[in-house]
């Protein structure tokens with residue numbers, strides 16, 4: 001199925017759901033740097049396109065710039081240089097229109113912890129103009145597919161595991177049926193079963209609802225399972241892009257981990273440990 005989808009994307013007329021051109025973003029470090037005046041270039045002249053109906057995976061170590069890119073694409077940050085458009089709309093000039101087309105899930109998703117999953121999601125639906133009666137039925141359907149039992153939907157969020165809370169965050173993002181869904185490491189910290197449930201749900205979103213999904217991850221297996229195309233980020237730069245099969249052919253064959261080592265000189269686990277100080 002994944003191979004057929006990738007082939008379909010290559011042969012059909014492509015529509016850019018997201019187009020980034022030479023996007024850069026720099027930050028001043030939070031720690032005092034000897035001499036002062038130093039900045040860290042978290043994203044460095046990144047250009048990429050995500051086609052409508054595609055799952056595009058951004059693969060990189062902690063500190064490679066993945067989360068900064070997601071924040072730029074979701075209008076939470078403004079690029080220092082370059083341009084970003086969502087379905088042809090400029091994220092700066094057309095910010096309000098862009099926000100109606102997208103939603104984002106991050107690792108640090110926040111909730112009203114004293115309220116239940118149902119109460120949180122119904123409230124979120126009202127903020128987006130979804131009537132409570134309509135949102136309740138959608139909430140039940142989405143949470144069931146994510147493996148959350150009906151009784152748990154009424155428990156306070158603070159009593160649910162981190163994995164369940166992350167599933168609620170995914171449900172909240174899809175409640176508005178966005179055309180472009182930005183998933184920033186959505187399965188980080190989840191157990192194997194919860195990861196598989198979330199990954200299956202992500203594929204179903206694309207296949208059944210014509211959603212376009214940009215996924216950041218440092219999980220090689222997740223990238224290979226989900227992504228039609230993969231972009232590899234290293235120190236803020238996009239150093240390679242293609243289908244898993246194309247990347248393997250272009251960089252000496254072998255696994256996705258072999259490709260990552262060829263491009264960065266390090267295993268992904270090692271890069272995570274040494275790059276932890278950089279902005280994400």
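The values are calculated or read from the model by the stated rules, or taken from the named source; none is laboratory data. Computed from a predicted structure; not experimentally measured. So basically every Cβ, Gly included, is an ideal-geometry build from the backbone, and we count neighbours across all protein chains shown.
In the set (1) touching a residue at least 60 places away in the same chain (Cβ under 8 Å); (2) part of a helix (DSSP H, G or I); (3) over 26 Å from residue 165 (Cβ atoms), residue 206 fails one condition alone, (3). For the range 187-196, the tally of residues that are surrounded by 17 or more Cβ atoms within 10 Å (Cβ to Cβ) and part of a helix (DSSP H, G or I) stands at 2. May I ask you to verify whether residue 159 is surrounded by fewer than 16 Cβ atoms within 10 Å (Cβ to Cβ), farther than 30 Å from residue 20 by Cα, in contact with a strand residue (DSSP E or B) (Cβ under 8 Å, 6 or more places away or on another chain) and free of Cβ contacts under 8 Å to residues at least 40 places away in the same chain? So residue 159 does not fit the description; no.
This table checks each residue for (1) in the same structural domain as residue 66 (by TED's automatic domain parsing); (2) under 26 Å from residue 47 (Cα atoms); (3) surrounded by fewer than 19 Cβ atoms within 10 Å (Cβ to Cβ).
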| residue | (1), (2), (3) |
| --- | --- |
| 210 | yes, yes, yes |
| 213 | yes, yes, no |
| 241 | yes, yes, yes |
| 245 | yes, yes, yes |
| 254 | yes, no, yes |
| 265 | yes, yes, yes |
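May I ask you to verify whether residue 240 is modelled with pLDDT of 90 or more and either part of a strand (DSSP E or B) or within 30 Å of residue 23 (Cα to Cα) (or both)? When the stated conditions are applied, residue 240 passes them. Inspection of the range 91-105 finds a residue satisfying the criterion of being touching a residue at least 24 places away in the same chain (Cβ under 8 Å), assigned to a helix (DSSP H, G or I) and either within 17 Å of the chain's Cα centre (by Cα) or buried (at least 21 other Cβ atoms within 10 Å of the Cβ) (or both).
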